[in-house]
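Shown next, in structure tokens, is the structure this report addresses.
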Amino acid sequence: MEATMVDGRTRYVDREQTVRGSKGPFFVVYTDEHAEQRWGYLCGNCETVDNAMDAMGRLKCNRCANIKKPDEWDAAHE
């Protein structure tokens, strides 16, 4: 699926490659239609790419607060 960004550039959403979120999946977004260069994620709950990931792999949508828990978790970071 193609998606046009605010800057007018086309990005490509892979609806088969997902990451589990608290309110819905995150879909991987690529810069090219051959899925060679990953660009970011599309929130499946509110259909936006306005999200951020921290160094531990936690992904959070800035619009609807859909979150993916970190890949690695350490109580010392609390």
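The values are calculated or read from the model by the stated rules, or taken from the named source; none is laboratory data. No experiment lies behind these values; they were computed from the predicted model shown. Cβ coordinates were reconstructed from backbone atoms using ideal geometry, including for glycine residues, and neighbour counts include every protein chain displayed. Each accessible area value is taken on the protein alone, full model and side chains, heavy atoms only, with ligands, DNA and RNA left out. Shrake-Rupley method; radii C 1.70, N 1.55, O 1.52, S 1.80 Å.
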>> Given a 10 angstrom Cα cut-off, can you work out which residue in Lys23, Lys60, Lys68 is the most mobile in a GNM of the chain?
In response: Lys23
> What accessible area, in Å² to the nearest ten, does a 1.4 Å probe give for Asp71?
Replying inline: 110
> Working out 0.36 nm times the residue gap between His34 and Met1, then minus their Cα-Cα distance, what length gain in nm do you get to one decimal?
Replying inline: 10.7 nm
> Simple spin-label model, 7 Å along Cα-to-Cβ: Ala55 to Arg9 in nm?
Replying inline: 2.5
>> Can you find, among Phe27, Cys43, Tyr12, the residue sitting farthest towards the positive end of the charge dipole of the chain, where Lys and Arg contribute +1 and Asp and Glu -1 at Cβ?
In response: Cys43
> If you take the beta carbon distance between Asp71 and Gln17 as r and set R0 to 25 Å, what does 1/(1 + (r/R0)^6) give as a FRET efficiency, to the nearest 0.05?
Replying inline: 0.95
